[in-house]
Each structure stands twice: as C-alpha cells, then as structure tokens.
Amino acid sequence: MISASTPAPPPALLLLGPTASGKTACALALARALPVEIISVDSALVYRDMDIGTAKPEAAERALCPHHLIDIISPEESYSAAQFCADARRLMAEIGARGRIPLLVGGTMLYFKALREGLSDLPRADAALRAEIDRRARAEGWPALHAELAHLDPEGAARLAPNDAQRIQRALEIVLVGGKPLAEALARRETPALPHRLITVALSPSARGPLHARIAGRFERMLAAGLLDEVAALRQRYRLTADLPSMRAVGYRQAWACLDGALDAAGLREAGIAATRQLAKRQSTWLTQFRERWPDWVEIDCLRADAAAAAQEAVASRLCLP
C-alpha cells in the first residue's frame, strides 16, 4: 500500500508522431514554457555530420534548452534500442536530479516501445552472418531473401515487406542464430519500470493527404539544402557502405543510390518522398498500438494550426500548472 506521504514520481514527457507531424515545433513550444531538457528519440539524429537528411534541430533551436542524444556517434557506427534505453534512463535520472523535466521527442517508435515496455531477448548481432546476408542480397535481391525467411518463419516473413532490407536481415539473423521464429524471439523480458509519471503527447494526422504534402515539401527542401552534397561528403570523410544503418536511413539510402547512378534527380525525389511516406505509415501503425496500451495518452491532430499550443495546454493541465 502506498501511504499518503509517499512523494509522487517526477514527471517525464513523451512527444511522438510520424515524420513531418511538427514534433520539433511542439517541443520548442514546451521548452519555452517549461523547464525541460530534450532527449532525442531518433535513430538518425545520433549520427554526427548527418544534418540535412535528418532535419536535425538548428543551433538556435538547440539553444533554447539542453538537447541530448544528438551527434553522439560516427556514421560508421551502430546504435541499438538497448543502448538508447540505457542512455535515456541515465539522462532522465540526471535531468530529474537537476529539478528539470525530461522531454523525450522523436519518431523512432521502437525506442519508445523498448523504453516503456522492455526489450526482447534477442540474440546478439553476428557480424559474419550479417556480412554474408548482405553479400547474398546484393547478388540475389532482398525479395529472394524474404522468400527464404518465409520458408524458415512464415509468420515472421508475413510481417515484413519483400524489400525491407534492414528488417529482413535482422529477422534472418534471429532465426539462423537463435533457432527460434521471430514471434517467439520477440517475447518481452521484464525490465524495471521507469520511476517517472509519464505523460504522452501523440501528434497524429486526421488526414493523409495534407501530411503527404508536408512530406513532399520537406524532402524537396532537403534536396534544395544540399542533401546529395551532404551524402557525397560523408562518403569521402568516413568509411561507409550502403549497408550501414546510417546510410539505410530514409533519404540517405536514396541519395546513395543517386550518387551510384541508380537514380537520376527526378528518381531521387520520387523515391525519397515515397520512402518517407512509407515511414510515416509505419510510425502511425505504431501509434495505434501504443494508444491501446499506454495510460495518460493525449492525441492531437498535427494538422491543426494551433497544434503546438494544444500540446502545451494538454501538458500544463496534466502537470497541474496554471
């Protein structure tokens, strides 16, 4: 039994939504109103020198409040959900100890899920096996490897698109190394509950068309800002391959293909916008799952002109602020 004198857990804010839903604007509105420190929940913002294609917050935006988990590793490296959970838990404790509120912002839904619900007990990555899978993918194509996965694990393959390279690779690795179907391997293990009162604000579009228009405009602005030059510079500065997680990120994967001559400028634009729309669709599917399981859920139509103000008002009411 919890006594009346037991102090309430400190608050933490989660702000999530699909790409181009306006998360940065909402986060900055909250930063202007509350003593927050932002923890990025984005698997691409961790990489240094990947600024344009990740829509990384600008210096003036980052000056409003401390930002964490941005520019922490080289594009040559990998960053996992387990690493994120460890880093996020540490940062949330440090931010709370400073008397401030952690604000976790991003669209990498797997990271949010791992932080709130725990990690799956999956086998460690096998570098040799991963290299062999990549070699076969270059020779045979990802649909052929998807077909092989369907033979080994029909249920797991049914959850993945035939060209979803990163997930097909990991699913094959899990089945071949662990000897278990994907669903069995994904069974969650117990993790300590977060010592925070979590307030979740989800930005979700009421219609796809306007969000798709935002996505197209956003990608066109990235191209105009020099996305292709950014990727060319990354290839010169670092020892990169197309199979690295950093270069599989949406926008970077298509720019790499363009630099290799597989896409022209028009094809780059078309492929980048299509891939970003697919990403937004997957992110929205995650939101549907979270909505059913997470308490203190606030959902705001990201297409509202006053979405940032609405998010600020919703958070203030749950923090019992005037």
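The values are calculated or read from the model by the stated rules, or taken from the named source; none is laboratory data. Worth saying up front: this structure is predicted, and the values here are computed from it rather than measured. Cβ coordinates were reconstructed from backbone atoms using ideal geometry, including for glycine residues, and neighbour counts include every protein chain displayed.
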The condition from (1) part of a helix (DSSP H, G or I); (2) more than 21 Å from I70 (Cα to Cα); (3) among the β-branched types (V, I, T) that V231 misses is numbered (2)
Does any residue of region 199-214 turn out to be farther than 19 Å from P18 by Cα, modelled with pLDDT of 95 or more and not hydrophobic (A, V, I, L, M, F, W, C)? no
Of (1) outside any helix (DSSP H, G or I); (2) under 22 Å from L30 (Cβ atoms), P162 satisfies every one except (2)
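Only one residue in L145, L227 is over 23 Å from L287 (Cβ atoms), of a type in the set (A, V, I, L, M, F, W, C), buried (at least 16 other Cβ atoms within 10 Å of the Cβ) and outside the structural domain of W286 (by TED's automatic domain parsing), so which one is that?
L145
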The one condition A216 fails out of (1) touching a residue at least 24 places away in the same chain (Cβ under 8 Å); (2) within 26 Å of R116 (Cα to Cα) is (2)
In this structure, is A308 small (G, A, S), in a helix (DSSP H, G or I), in contact (Cβ under 8 Å) with a residue 24 or more places away in the chain and touching a helix residue (DSSP H, G or I) at 6+ places or on another chain (Cβ under 9 Å)? yes
Matching residues, region 51-73, being touching a helix residue (DSSP H, G or I) at 6+ places or on another chain (Cβ under 8 Å), part of a helix (DSSP H, G or I) and among the hydrophobic types (A, V, I, L, M, F, W, C): none
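Every residue, every condition in (1) over 20 Å from A255 (Cα atoms); (2) at pLDDT 95 or above; (3) β-branched (V, I, T); (4) surrounded by fewer than 17 Cβ atoms within 10 Å (Cβ to Cβ), yes or no:
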site: V41; (1), (2), (3), (4): yes, yes, yes, no
site: V46; (1), (2), (3), (4): no, yes, yes, no
site: D49; (1), (2), (3), (4): no, yes, no, yes
site: G53; (1), (2), (3), (4): no, yes, no, no
site: K56; (1), (2), (3), (4): no, yes, no, no
site: I70; (1), (2), (3), (4): yes, yes, yes, no
site: Y79; (1), (2), (3), (4): yes, no, no, no
